[in-house]
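Since the structure comes first, as structure tokens, the remarks are kept for the end.
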Amino acid sequence: MEIELTQRTIDAIAYRTAVIVMQKLKKAQKESQNLPKMVSTREAAAILGITPGRMRQIAERFPHIKQGEHKQGKLLFVRDALLENY
């Protein structure tokens, strides 16, 4: 089954698609602004005035996530939580 579309219909589809994409991008941008600022182990250690090695030893005391699938994944710490405990 073959359907022929007019240029006007194609333009309308493209415009509607662009509107939907922009709405989703704006929503994602708003959501990302609500995410906490994350810092590396080195930055977290500097905030607390300790070495990065010590920061890894006490990581469980602070909110963090591990990035990567391996045992030695990169740790990212919530910056505001570090500043509250400084």
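Taken together, the values in this text are just the output of simple stated rules run on the coordinates, not laboratory data. Fair warning: this is a prediction, and the values are worked out from it, not measured in the lab.
Summary of values
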read-out	value
Spatial separation of Cα centroids for region 19-53 and region 57-76, in angstrom	15
Average Cα contact separation per residue, the chain, under 8 Å, 6 or more apart, as relative contact order %	27
Backbone HN-Hα couplings from phi across region 6-20 [Karplus 6.51/-1.76/1.60, Hz, Gly and Pro as x]	7, 4, 4, 5, 4, 4, 5, 5, 4, 5, 4, 4, 4, 4, 5
Isotropically averaged projected area of the chain, using the convex hull of Cα atoms (one quarter of hull area), nm²	9.9
Estimated 222 nm signal from helices in the chain, with DSSP H stretches of n ≥ 4 weighted -39500 (n - 2.57), rounded to 500	-17000 deg cm²/dmol
Length added when fully stretched, L83-E31, from 0.36 nm per residue minus Cα-Cα	16.4 nm
Rounded to whole Hz, the Karplus (6.51, -1.76, 1.60) HN-Hα couplings of region 38-55, x for glycine and proline	9, 10, 6, 4, 4, 5, 4, 5, 5, 4, 8, x, 10, 7, x, x, 5, 4
